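See structure below.
Values in this text are rule-based calculations from the coordinates and carry no lab data. All figures in this text were calculated on a predicted structure; none of them were measured in a lab. Heads up, the Cβs are rebuilt from the backbone with ideal geometry, glycines too, and the neighbour counts pull from every protein chain shown.
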Amino acid sequence: MLRELGWDAVHVSEIGLQRAEDLEILEAARQDHRICVTLDHDFHSHLALTRVDRPSVVFLRIQKLDATGQCALIRAVWETCEQALEDGAAISADNRSVRIRRLPLR
């Protein structure tokens, strides 16, 4: 769905990281200048512990959202937070709110 919007989105399984640890995924995203989108709150914890300034991570706080709903939420986050994502941010989002924290987390 995200590719249909013109975004260069990849799933971890497409780059051989489907069984990777969270820190490996974050490092791959940092090296490839990507943004992580996840349903796993641990990614923000890793950012706080490592105090890195990249990659940006978007944590979707809605578990039972279909692909269309996820795509809509990601698009809304992007439209609201584009500059923060480019600068380095930990973002949490649901259908009611978006919380932005600049990286590195302290």
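Observations, loosely collected:
- Counting only Cβ charges, +1 for Lys and Arg and -1 for Asp and Glu, the dipole size of the chain around its Cα centre is about 420 debye.
- Were the residues from Thr38 through Glu82 laid out at 0.36 nm apart, the gain over their Cα-Cα distance would be 14.1 nm.
- Between the amide H of Val58 and those of Cys36, Val37, Thr38, Ile91, distances stay under 5 Å, these residues lying 5 or more places away or on another chain, with hydrogens modeled in the peptide plane.
- Extension gain from Leu65 to Gln18, taking 0.36 nm per residue of separation minus the Cα-Cα distance: 14.9 nm
- Residue-averaged 222 nm ellipticity for the chain, from DSSP H runs of 4+ at -39500 (n - 2.57), nearest 500: -12000 deg cm²/dmol
- Take every DSSP beta bridge whose two residues both sit in the chain; close to 40 percent of them are antiparallel.
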